[in-house]
Amino acid sequence: MPLRPAIARDTDFLWRVLLEAYNWNGEQRFTLEQLVADPYAARYLVGWPRRGDFGVVDETDAGEPVGAAWARCLPEDEPGYGFVAPDVPELTLGVLPGQRGRGHGRALMEALIRAAGERPASVDRLSLSVEDGNPAVRLYTSLGFTRVGRNGGSETMLLDVRTPNP
Ligand SMILES: CC(C)(COP(=O)(O)OP(=O)(O)OC[C@H]1O[C@@H](n2cnc3c(N)ncnc32)[C@H](O)[C@@H]1OP(=O)(O)O)[C@@H](O)C(=O)NCCC(=O)NCCS
C-alpha cells in the first residue's frame, strides 16, 4: 500500500475523505454539497494546501487513493472541533468504506505522525476530535493520543509527537 504526501491535486479526494469522517457511522448525515457549504466543515480544507498544512494519501498498487490523513492549524476565532491551540494542527482521517479493516487507517496515522515531527511541518502536538461511539478512538488511543477535553458529543484528543509511544 504506497503512501505519499497529499498535494493540491488530491483536494477532491480529501473532500471525499472529510465526508467519510463526518458520516463515520455509515449514515448519510451530510452530503458533499452540505459540507462544502458549511463554514465549520470547510475550514478543514478550504484553500488546500495552505502554508503549514501537511497530509498523506494511501493508494492501491494501481494508484487509486483509498484513504487520507491531513492536519491543519486553525485560529482560535475559527477553530475546528478538536481545537487545542492555534499552533496545534488538528487532523482528519478517513478510509473509503470498502477498504477498511486492512491496516490503511493505522498506516496513514503513523505516516502523518512521522510527517508532523519532520520539517517543514515540525510541530510538537497533533489534536483531533472523535465523536462518542466512533471505534476509531481505539486506534487513536493505541497510537498514544489522550483525552484532553470535550466539545459537544465528541472527545478532543492530543498527541505529543516528540514523545515516543510506549
Ligand atoms: C477510522 C478509520 C480511518 C480506520 O481505518 P481502517 O483502515 O479501517 O483501520 P485499520 O484497518 O488500520 O485498523 C486500525 C484500528 O482501528 C480500530 N478501528 C477503527 N474502526 C473500527 C471499526 N469500525 N471497528 C473496529 N475497529 C475499528 C481497530 O482498533 C484497529 O486496530 P488494529 O490495528 O489493532 O487492528 C476507518 O474506519 C474510517 O474511515 N472510518 C470512518 C471515518 C472516521 O471515522 N474517521 C475518523 C473520524 S475521527
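Computed from the coordinates by the stated procedures, all read-outs in this text should not be read as laboratory data. Keep in mind the model is a prediction, meaning the values are calculated, not measured. Because the Cβ atoms are built from the backbone with ideal geometry, glycine has one as well, and the counts that use them run over all protein chains shown.
Residue-wise HN-Hα couplings along the range 52-63, as the Karplus relation 6.51 cos²θ - 1.76 cosθ + 1.60 with θ = phi - 60° gives them from phi, are x, 5, 8, x, 9, 10, 9, 10, 6, 4, 7, x Hz; Gly and Pro carry x.
What the phi angles of the range 121-127 give under the Karplus curve with 6.51, -1.76 and 1.60, with θ = phi - 60°, is a coupling list of 5, 6, 10, 8, 9, 10, 10 Hz, glycine and proline written as x. Computed from point charges on the beta carbon alone (+1 for Lys and Arg, -1 for Asp and Glu), the dipole magnitude for the chain about its Cα centre is near 360 Debye. Looking at the chain, the pairs of alpha carbons with a distance over 19 Å make up 52% of the total.
Modelled label positions at residue 36 and residue 163, each set 7 Å beyond Cα in the direction of Cβ, lie 4.2 nm from each other.
Amide hydrogen proximity for residue 66: with H placed 1.01 Å from N in the peptide plane, the residues at 5 or more positions away or on another chain lying under 5 Å are 58, 59, 60.
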